Each structure stands twice: as structure tokens, then as C-alpha cells.
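Notes to accompany the following structure.
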Amino acid sequence: MRHGETILNRYNRMQGWSDALLTEEGKTSLEQTRQALKNVPFSAVYTSDLSRTVETAKIILAQNQQTDPNIEITKLPAFREEYFGSLEGLDAMSIWNDMAIFAKEHFDEATMTDNERVRRQVDAFHALDPEHEAEDFLSFWTRVEQGLIKVTQRHRESDQNVLIVSHGMTIRNMLHELIPEFSLNTFLDKGSVSIVRYQDGHYHLDSFNQLDDFD
């Protein structure tokens, strides 16, 4: 699940590791998803360690009728958003335009798969950061993959529902890396849910970018 709207989202600013809080509208807009998930029994809940995902998880769980009210939220830095370095807090539209120009000049996008294009976008943000502290794809995915491995190993032999609340770019890259046939050229909706089933050693996408109707 992607978190709700934050202050930086509202003002269309780059938001990676910046720990912006949910807006009141962001909290209210999660009601649709909360109602849709209220009868889903979760055996475990994971978030990044940034407050917007933790707060989103608490809102979703507040009215869940099938989950232990004392369930622990496990915060994993592995599930943080991509780190944008010195680009954090800057105008997002301008930075994304710069990224698109950089990618066009430096990568042969005509021969790329969608998965490769998403990876190169992360590398482009790293190159555009004057301090070059923004994550490149290798460092970004190594971090995220460690979290996924931990969750998968802990729950793969079960038939449990696991809630992971994370971030737009992180979820997008998770889906691209885990689901070979997956293709996405748009942003995930705030508060949206994508359902991934792990079965027989493979990941399967059962639902994508939904705000309700998870039956």
C-alpha cells in the first residue's frame, strides 16, 4: 500500500527520505481504503521507518475488525522511498522533466524494456544530484530487496495476509522486479493497494493500484 498525501505531496515537492507528515486531507482520503480492508485479517504489518507510512498503517488498522488490535507494526528502513539526495524538497515537476531529458540523452530508451527504463530513471536521479548522494539503482534495489527477502522468508510457508505500507517509487520498483510481465508508466495513487501473491516460489500480481473492492 502507498501512504496518504503528505505536505510535500501537496506542494509537489521531491520527497524521498524527507519525513513529511500526512495532511488532514491525506488522512481523510484513506477512509475509502480503510473501509475496503476492514475485514481483511492481517498476520503482520510492515512499513518503512518514515512517519507517513507508519501513520497510514495505523489509520488502516484502526477499524480493522479481523486483525489483532495489539498487532505490532514492524518498521523497516529497507522499505523507505528512493533517496533523492540534494534534490529532496525541490519542485518535482522540474526535476522529473530534467530526468526525462537526461534519460533521452544518455539511454537508448527505444531498445529498453519497461523494467530497464524504471531502473535507469533511478540512475538518472543519481546523476542529476549535484552532490551525487541520491541513490543509484543498485544501492536502492539492494536495500529494498533485503526487506522483501526478510518478509518472504518469514511468511512464505504460511497462508497469511501481510500488509506492507511503503512509497510510490519503491512499490513501483518492487512490482517491476517481482512481476516479470508487469508494466507501469504512471504514478501509483496515494492510499492505493496492490495485491501480490507468493506461491510456488513465484510472485503473482492479483490486484493493482486499487482504492476499494478487494474481494
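Throughout, read-outs are computed from the coordinates displayed, never taken from laboratory work. Fair warning: this is a prediction, and the values are worked out from it, not measured in the lab. In this analysis, Cβ positions are derived from the backbone assuming ideal geometry, glycine residues included, and neighbour counts consider all displayed protein chains.
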(message) Under 5 Å between amide hydrogens, which residues at least 5 positions from Thr6 or on another chain qualify, with H placed 1.01 Å from N in the peptide plane?
(response) Thr23
(message) For the chain, place one equal point scatterer on every Cα, skip the solvent, and apply the Debye formula. What is log10 of I(q)/I(0) at q = 0.11, 0.12, 0.14 Å⁻¹?
(response) -0.53, -0.63, -0.86
(message) How far apart, in nanometres, would the label points at Phe187 and His106 be if each is projected 7 angstrom from Cα along the Cα-to-Cβ direction?
(response) 2.2 nm
(request) Using R₀ = 25 Å, calculate the FRET efficiency as 1/(1 + (r/R₀)^6) where r is the Cβ-Cβ separation of Asn161 and Gln32; round to 0.05. (result) 0.85
(request) Compute the long axis of helix 51-61 from its Cα atoms, compare it with the longest principal axis of the Cα atoms of the chain, and write down the angle in degrees, 0 to 90, nearest 10. (result) 30 degrees
(request) Rounded to the nearest 0.05, what FRET efficiency do Glu25 and Ile73 give with R0 = 25 Å and r taken as the Cβ-Cβ distance? Could you check? (result) 0.60
(message) Run the helix sum for the chain: -39,500 (n - 2.57) per DSSP H stretch of 4+ residues, divided by residue count, reported at 222 nm to the nearest 500 deg cm²/dmol.
(response) -12500 deg cm²/dmol
(request) Could you tell me which of Leu184, Asn161, Trp96 has its Cα farthest along the dipole of region 72-213 towards the positive end, charges placed at Cβ (Lys, Arg +1; Asp, Glu -1), taken about the Cα centre? (result) Asn161
(message) So if I place +1 on the C-beta of Lys and Arg and -1 on the C-beta of Asp and Glu, and nothing else carries charge, what would the dipole magnitude of the chain be about its Cα centre? I want it in debye, nearest 20.
(response) 540 debye
(request) Note down the magnitude of the dipole of region 156-215 about its Cα centre, charges +1 on Lys and Arg C-beta and -1 on Asp and Glu C-beta and zero elsewhere, to the nearest 20 debye. (result) 300 debye
(request) Read phi for every residue in region 68-78 and hand back ³J(HN,Hα) as whole Hz from Karplus 6.51 cos²θ - 1.76 cosθ + 1.60, θ = phi - 60°, with x for Gly and Pro. (result) 3, x, 9, 4, 7, 8, 8, 9, 10, x, 4
(message) Compute the helix-to-body angle for 137-155: its Cα long axis versus the longest principal axis of the chain, expressed 0 to 90° and rounded to tens.
(response) 10 degrees
(request) Rounding to the nearest 20 debye, state how big the charge dipole of region 102-142 is about its Cα centre with +1 on each Lys and Arg Cβ and -1 on each Asp and Glu Cβ. (result) 160 debye
(request) List the equivalent ellipsoid semi-axes of region 18-78 in whole Å, largest first, each obtained as the square root of 5λ for an eigenvalue λ of the Cα gyration tensor. (result) 19, 16, 7
(request) Round to a whole angstrom and tell me the spacing of the C-alpha centers of region 56-102 and region 116-191. (result) 11 Å
(message) From the phi angles alone, apply the Karplus equation (6.51, -1.76, 1.60; θ = phi - 60°) to region 186-200 and give each ³J(HN,Hα) in whole Hz, x where the residue is Gly or Pro.
(response) 10, 8, 6, 5, 5, x, 7, 10, 10, 9, 10, 9, 9, 8, 6
(request) With a ≥ b ≥ c taken as the square roots of the eigenvalues of the C-alpha gyration tensor of region 156-215, please select rounded if a/c is under 1.5 and otherwise prolate if a/b is larger than b/c or oblate if it is not? (result) oblate
